[in-house]
Amino acid sequence: MKLIEYILLALTSLFVIVDPIATVPAFLAMTPNDSPADRERMARLASIVAAGVLIFFVIAGQGLFHFLGITISAFKIAGSIVLLLIAMDMLRARRSPVQETREEKDEGAEKEDIAITPLAVPMLAGPGAISTSILLKTQAPGFEYTLALIGCILLIFYVAYLILRFGALHGARFLSPIAMRITTRIMGLLLAALAIQFILDAVAEQKTKLFYPIEAVSTNSPPEIKSKAR
C-alpha cells in the first residue's frame, strides 16, 4: 500500500469511527447550563485527551499484545467484531452503546466538567477508535507510515474540536436530522466493509499456519504416511 493510500484509509476510517458530528447533540445535552466558552474549553481538552489516548495505543499497543501473548491476527478479528457492532448501529442511524452507554450520558449530564469523561473517553476515543488505531498500525510497513498515522489522528481530532466548538457556539441548529441519518448510514456501510477487510487480512495471515501441515502431509509425505493422514 502506498503512503498516500494509507493516509486516505486512516483519515476516512478514523473520522467514521470517531464520528464527531454525531457527538455534538450528546455534548450539548450534557452541558445545558454551561456557557459557550466553557463548552469550547471542554471540547478542546477532550480532543487533546482523546488524541493522546489513541497515539498511546498506536505506540504501545503491539508491545502490549506481545506481553499478553496476543497475536496481531487475533486482535484484528476481535477489533473487527467491535467495528462491526458499531457499524450495525450506524446502519440503523443510531449511536452505538459500544461508543457510550446511556448511563455514561446520564452521568455526564450530572458532572460539572465532562471533558475527560465521558466526552474524551469513551465518546471520542472509545473501544472502536482504539481498535481502529491499532489495526491501522498493524498495516503500517514502516516508520514513516506510523508518523503518518499519528498525523492523521492529530488532524482528525483537530477537526473534531472545530466541529464541537462550532456546535458549542451555535447549538445543534446546523444539524439536519435527515442529512445526519443518511450520512451515518453511509459511514456505517463503509465501516462494515473496513471491518470485513481486516478479518479477511487476518485469515490470510493465518492461512499458512492453519493449512500448511495438511498440505505438507498430502504433498511431501511418503505413501504410507499419506495413507495414515487420510
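FYI, it's all coordinate maths here, none of it is from the lab. Bear in mind the structure is a predicted one, so any value in this text is a computation, not a measurement. As a convention, Cβ positions derive from the backbone with ideal geometry for all residues, glycine included, and neighbour counts pool all protein chains shown.
Here are some notes:
- Net lengthening on full extension, ILE70/ILE178 (0.36 nm per residue, minus Cα-Cα): 34.7 nm
- The gain in end-to-end length when the PHE56 to ASP89 segment is fully stretched comes to 9.2 nm, 0.36 nm per residue minus the alpha carbon separation.
- Here ILE77 and PHE166 are evaluated by their C-beta separation; at R0 = 35 Å the FRET efficiency comes out at 0.40.
- Per-residue ³J(HN,Hα) for the range 182-188, Karplus 6.51 cos²θ - 1.76 cosθ + 1.60, θ = phi - 60°, Hz, x for Gly and Pro: 4, 5, 5, 5, 5, 5, x
- Distance between the modelled labels on ALA193 and PHE143, one decimal in nanometres: 3.5 nm (7 Å Cα→Cβ projection).
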